[in-house]
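Q: If you scroll down you'll find the structure; I have some questions about it.
The values are calculated or read from the model by the stated rules, or taken from the named source; none is laboratory data. This one's a predicted model, so the numbers in the text were calculated from it and none came from an experiment. Positions of Cβ are generated from backbone atoms using ideal geometry, with glycine treated the same way; all protein chains shown enter the neighbour counts.
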Amino acid sequence: MPLERLQVDSVRCLKAVDVELDPHRNYLFGPNGAGKTSFLESVYLLGRGRSFRTRQTARLVQHGSHDLTVFGQVRSGDRRHRVGLSFAGGELKVRIDGETAPGMARLAEVMAVHVMGSKLHRLIEAGPSERRRFVDGGVFHVEHAYLHTWRHYRRVLGQRNAALKRGLGGAPLEVWTRPVLAAAAAVHAARQRYVEELSGLVAQVGSRLLEHSLRIVYRPGWRQDISLEQALHESLERDTRTGFTQVGPHRADIDIRMAAGSVRDHASRGQQKLIAAALVLAQVRLFGQRTGRGGLLLVDDPAAELDTGSLDRLMAELEPLATQLFLTGLSERAMRPRQGFPVFHVEQGRVAAVV
């Protein structure tokens, strides 16, 4: 599902961008603030319907403009899909092959995109919600029905929380607890399957990137020696007091550990970036194994915060991936591009192929 052509207008500093892309690897070089990350952001926007840097699409609109547009031509086997996205007047519109997309999930089916951005270390440093989003995004890309499963859980959980805020207890609260248990079981099972598959790949990639052991364990959001039903019973008094369900998949996390212990306590900033990169690379590999498709991987300034040896190991991990790569850097000296692949120079929002 490579992106063959990209047109961007008024996404941050980018103006009137129109480039043809290589299905395997593309390099973008330029000074800080030139628009390299905004280019990657545009690709991500086309595949996810949102940015990887902000949740507010309005912030992407170029200063002085009223709207933004992104258009892409994506190859899928013998077919080519035309994907267009626009944002104006606070409304995001997506069209695929000339028809309004039924939902953002359809974008991911056409163009699955992953990212290793400048805030990659947040997978390690930030709270559990960041890692839950990572897992949920991975599950969705290999099981599209999971999006409905997760949304259903969030809906029934909200209903139980509303009942708690009204002071309901006993049998009346049980009416809202039963649907939560059923929906939670489906979310938990999908996540657990996914993390079990992912963990082996994380260990393999991690050992090569870090030259240390690396493992992940899924924490479901309640004590693992009891059922969720029992955990909800034990938490009832606290739930009633706070008006919020304290245990369940919405409190899940993944525990990431090296031989020395938790990565949050023992990994340097550079190691944290490599660990987070191992998670993303494992996710990309699992996506390929489960779907038979390559997808796209956006790698923003991989040389930042990495020594020469670490960067070399990261680039070696990228080499065999059956995915379309987009890599950015300050200059070709920091990250030497492979011969035979296009190089683009980015400056003041303009993107030009280097001949």
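Q: Take GLN272 and decide whether it is closer than 20 Å to ARG25 by Cβ, of a type in the set (S, T, N, Q) and either modelled with pLDDT of 95 or more or part of a helix (DSSP H, G or I) (or both). Full working, then the answer.
A: Values: closer than 20 Å to ARG25 by Cβ: no; of a type in the set (S, T, N, Q): yes; either modelled with pLDDT of 95 or more or part of a helix (DSSP H, G or I) (or both): yes.
It is false that GLN272 is closer than 20 Å to ARG25 by Cβ, of a type in the set (S, T, N, Q) and either modelled with pLDDT of 95 or more or part of a helix (DSSP H, G or I) (or both).
Q: Hey, another quick one. Hey, can you tell me all the residues within region 307-332 that are hydrophobic (A, V, I, L, M, F, W, C) and touching a residue at least 40 places away in the same chain (Cβ under 8 Å)?
A: Scanning region 307-332 gives LEU314, ALA316, LEU321, LEU325, PHE326, LEU327, LEU330.
Q: GLU229 - would you say it is surrounded by fewer than 17 Cβ atoms within 10 Å (Cβ to Cβ), at pLDDT 95 or above and either more than 30 Å from ALA171 (Cα to Cα) or not assigned by TED's automatic domain parsing to the domain that holds GLY288 (or both)?
A: Criteria not met by GLU229.
Q: Right, here's the next one. Looking at region 63-105, which of its residues are in contact (Cβ under 8 Å) with a residue 60 or more places away in the chain, more than 17 Å from GLY49 (Cβ to Cβ) and not basic (Lys, Arg)?
A: GLN73, SER76
Q: Next up: Quick check on GLU317: is it closer than 22 Å to SER38 by Cα and not assigned by TED's automatic domain parsing to the domain that holds LEU210?
A: In short, no.
Q: Looking only at region 314-332, count how many residues are surrounded by fewer than 16 Cβ atoms within 10 Å (Cβ to Cβ) and more than 30 Å from HIS63 (Cβ to Cβ).
A: Qualifying residue count, region 314-332: 5.
Q: Now, a different point. Could you check how many residues of region 138-188 are touching a residue at least 60 places away in the same chain (Cβ under 8 Å) and either under 23 Å from GLY288 (Cβ atoms) or assigned by TED's automatic domain parsing to the domain that holds GLY47 (or both)?
A: 3
Q: Does MET335 satisfy the criteria of being over 17 Å from the mean Cα position of the chain (by Cα), farther than 27 Å from SER51 by Cβ, surrounded by 18 or more Cβ atoms within 10 Å (Cβ to Cβ) and in contact (Cβ under 8 Å) with a residue 40 or more places away in the chain?
A: No.
Q: Read through the list (1) in a helix (DSSP H, G or I); (2) more than 25 Å from the chain's Cα centre (by Cα); (3) among the aromatic types (Phe, Trp, Tyr), then give the number of the only condition that PHE244 fails.
A: In the conditions (1) in a helix (DSSP H, G or I); (2) more than 25 Å from the chain's Cα centre (by Cα); (3) among the aromatic types (Phe, Trp, Tyr), PHE244 misses (1) alone.
Q: Return the residue satisfying two criteria in turn: it lies in region 192-220 and is more than 19 Å from the chain's Cα centre (by Cα), farther than 14 Å from PRO249 by Cα and charged (D, E, K, R), and of such residues it is surrounded by the fewest Cβ atoms within 10 Å (Cβ to Cβ).
A: Here the answer is GLU211.
Q: Can GLU174 be described as loosely packed, with under 15 Cβ neighbours inside 10 Å, out of contact with any Gly (no Cβ under 9 Å at 6 or more places or on another chain), farther than 30 Å from VAL280 by Cα and acidic (Asp, Glu)?
A: Considered against the rule, which asks whether it is loosely packed, with under 15 Cβ neighbours inside 10 Å, out of contact with any Gly (no Cβ under 9 Å at 6 or more places or on another chain), farther than 30 Å from VAL280 by Cα and acidic (Asp, Glu), GLU174 comes out as yes.
Q: What helices (runs of 4 or more DSSP H), lying completely within region 108-197, carry at least 3 residues that are hydroxyl-bearing (Ser, Thr, Tyr)?
A: Fully inside region 108-197 and qualifying: 146-165.
Q: Also, I was wondering about something else. Considering only residues that are closer than 25 Å to GLU20 by Cβ and out of contact with any strand residue (DSSP E or B) (no Cβ under 9 Å at 6 or more places or on another chain), which ones fall in region 58-108?
A: Correct list: SER76, GLY77, ASP78, ARG79, GLU99, ALA108.
Q: Okay, moving on. Give me the strands (runs of 3 or more DSSP E) completely within region 289-355, filtered to those with at least 2 residues that are under 20 Å from CYS13 (Cβ atoms) and not hydrophobic (A, V, I, L, M, F, W, C), ordered by residue number.
A: Per the criteria, 324-329, 343-347.
Q: Filter region 51-72 down to the residues that are among the basic types (Lys, Arg) and touching a helix residue (DSSP H, G or I) at 6+ places or on another chain (Cβ under 8 Å) and list them by number.
A: Across region 51-72, the qualifying residue is only ARG53.
Q: Taking the options ALA105, ALA101, name whichever one is surrounded by fewer than 19 Cβ atoms within 10 Å (Cβ to Cβ), touching a Leu at 6+ places or on another chain (Cβ under 7 Å) and not β-branched (Val, Ile, Thr).
A: ALA105
Q: Among the residues of region 247-263, which ones are assigned to a helix (DSSP H, G or I) and buried (at least 18 other Cβ atoms within 10 Å of the Cβ)?
A: PRO249, HIS250, VAL263, listed by residue number.
Q: Another one. Within region 177-191, count every residue that is surrounded by 14 or more Cβ atoms within 10 Å (Cβ to Cβ) and within 24 Å of the chain's Cα centre (by Cα).
A: Within region 177-191, residues that are surrounded by 14 or more Cβ atoms within 10 Å (Cβ to Cβ) and within 24 Å of the chain's Cα centre (by Cα) number 8.
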